[in-house]
1. Taking 8 Å as the Cα distance limit and 6 or more residues as the minimum spacing, I'd like the relative contact order of the chain as a percentage.
2. For the chain, give me the percentage of DSSP beta bridges that are antiparallel, rounded to the nearest 5 percent.
3. Using R₀ = 56 Å, calculate the FRET efficiency as 1/(1 + (r/R₀)^6) where r is the Cβ-Cβ separation of SER254 and ALA554; round to 0.05.
4. With label points built 7 Å along Cα→Cβ from the Cα atoms of GLN368 and ARG126, find their separation and express it in nm.
5. Starting from the Cα-Cα distance between LEU102 and ARG448, subtract it from 0.36 nm times their residue separation and give me the gain in nm to one decimal.
6. Roughly speaking, what is the stretch gain from GLU226 to ASP4, that is 0.36 nm per residue apart minus the C-alpha to C-alpha distance, in nm to one decimal?
7. First check a/c for the stretch 68-133, with a ≥ b ≥ c the square roots of the eigenvalues of its C-alpha gyration tensor; if it is under 1.5, answer rounded, and if not, answer prolate when a/b is larger than b/c or oblate otherwise.
8. If you filter the stretch 192-248 for GluC sites (Glu not before Pro), then keep DSSP loop positions with at most 15 other Cβ within 10 Å, what is left?
Amino acid sequence: MRSDRKVAVIGSGITGLSAAWLLHRSGVKVTLYEKSNICGGHTWTDSSMGFLVDLGFQVFNLSTYPNFVGFLDQLGVDSEPSDMSFACSVDGGRVEWGSDGLAGIFAQRKNLFSLSHWRMIWDVIRFGRHAPKVLEPALAERYACMSMGEYLQRNGYSRAFQDNYVLPMCAAVWSVPNSQVLAFPVVMLVRFWVNHHLLELTQRPIWRVVKGRSRSYVDRILRELEDVRLGAEVARVTPAKPGGQATVSVRGGSQESFDAVVLATHSDTSLQLLADSAPQGVEEVLRAIPYGTNQVYLHTDTSLMARNRQAWASWNFIGAKGNPETTPVCVSYWVNRLQRVPADAPETFVTLNPPHPPAQDKTALHAQLAHPVFSFASLRAQEQLHHVQGKGGIHYAGAWCGYGFHEDGIRAGIAAAEALGATVPWDSISCNPRTSLLDMFYMLLFTRFARQAISVGHLRIILPNGAELEFGTTPADCSSRPVAKNTSASQEESWHMLPASQATMRLFRYDFFRRIVTRHDVGLGESYMHGDFEVNDLGALLALLTANLVNIQASRGSLGVLNWIGDGLLRLAHATRGNTLFGSRSNIAQHYDAGNAMYKLFLDPSMTYSSAVFRYPGTRCRADRRASRLLL
């Protein structure tokens, strides 16, 4: 549906790209302005190492990034599991530890005999149990104005816990000095930890990376947008007067009017663009959420990692000796472990704010990225933001509207687009990564069954926690939808003539495994009906199962006694619904109880119940033959 509305989106980070894409698909005429020569913002993929490396946005998960995951699905962009381990090197290597099991926690063997290290471990457990209480409504008044530093002091947490765990982790997440972390609102930090499952020592979500690096999703978006203006630095945005339009002025003199403008820029940039024409209340909100600049290096210098390699992880806090509390923290991302790079790639790192630059001959790139800096004033400003949205036709959006992460950015982009009439084509589904012992039991039975049953093609299952199960042949040996035999390239692909060789299922709930084990014949259909999973190609999945039907039937014994019991219950239920005179009436009534509303979903306007199977217009003869084959 097209409309005559014109909307300018300024800034092409995740916020601007998502807002522009949603508005465009809703029929709005969108103009996207970007001052750089490339789009993406913090979605920045570099190739100077000879392979692709993400420098800004790198990882996400299925639990706390539901909108970003939905967006990727809409764009047809795949992802793969990664590793998000954490390590810490404090005071020039005086204390080093990592999160990879006991070998990482006690990377320095002296810590086995360190009382302060053991106290830190105890405090980590204690903090995970007690910190969520600050979010309880009954205690809201007590913690509303309490800082992180005050909370730690009042509750008797050790200095080792503060210096070697809390400060490194928080400072690394937001790239701010330790002193600013201690001044953060404790409610904000704990809510972030709870939402990201960081207070749990087990059953955390598996982090994932975009296949082909993050640039691939940016390219997909740009292929759909019609008016993208690169190298167009906006100098000023003038809000609309009553009955008028907002104006966007580009440096160099050009000027254009729009029905609305989405400022998908950093808060300080938005304020600068509005200059003295900011609507009432806007300046107070934007000024309360400042940005800080971070130095970013892509390099191969191992001196910017922990001294002890046992304490290396994907995400590494590096504290130099004698660094003042106000110095920006150093974080090194170990690219070889965090992202999929060639096996022969050298040890590669992305480091923020190093205490000293990496060796010049080991440096591939030096750049700057900015991140929001939060405070009590920032939280109050975020609460007031909705009061100024839309004034003068201007909408304000960015990751700074939340915690500063990719999901916050796309959430802000969605809010701006919806305010201008766009609709979101995906459901925001946040998967629970926790599994019960019973869930694990059912999954174990299913895994044993599927390994025996799936021998033709490839079945990939993405679990709610982000991990993956794979069955059958390797994807490299498969093609997703093969063309039927004895057909020309112009003829349609036909999954019922030759099985498509691979399918990907994404589970939202572990109930899927229980239904398959206990209700084998109807479990898959019921699971689909209940929304336990979605599949990238339903026809391919059905074809893959059809191709493996003999194996599937022969492998049912591996599902165990629960499957036998479930079959018995289904047979018993079937026996009670015999086609007697009375039973037939009941069965027919239940079969047709959905009414015409359901049949309209898959029948043509004539509502003909039995007909030829059409895939494309003008294929009557082939459709008739196809229907005959299916029936026979």
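Every number in this text was worked out from the coordinates using simple rules, so none of it is lab data. All of these numbers come straight from a predicted model, not from anything done at the bench. Positions of Cβ are backbone-derived with ideal geometry, glycine not excepted, and every protein chain shown enters the neighbour counts.
1. It rounds to 16 percent for the chain.
2. Antiparallel bridges: around 65 percent, rounded to the nearest 5.
3. The pair SER254/ALA554 has a calculated efficiency of 0.20.
4. So the label points at GLN368 and ARG126 sit 4.3 nm apart.
5. 121.6 nm
6. 78.4 nm
7. Note, shape of the stretch 68-133 comes out prolate.
8. GLU200, GLU226, GLU233
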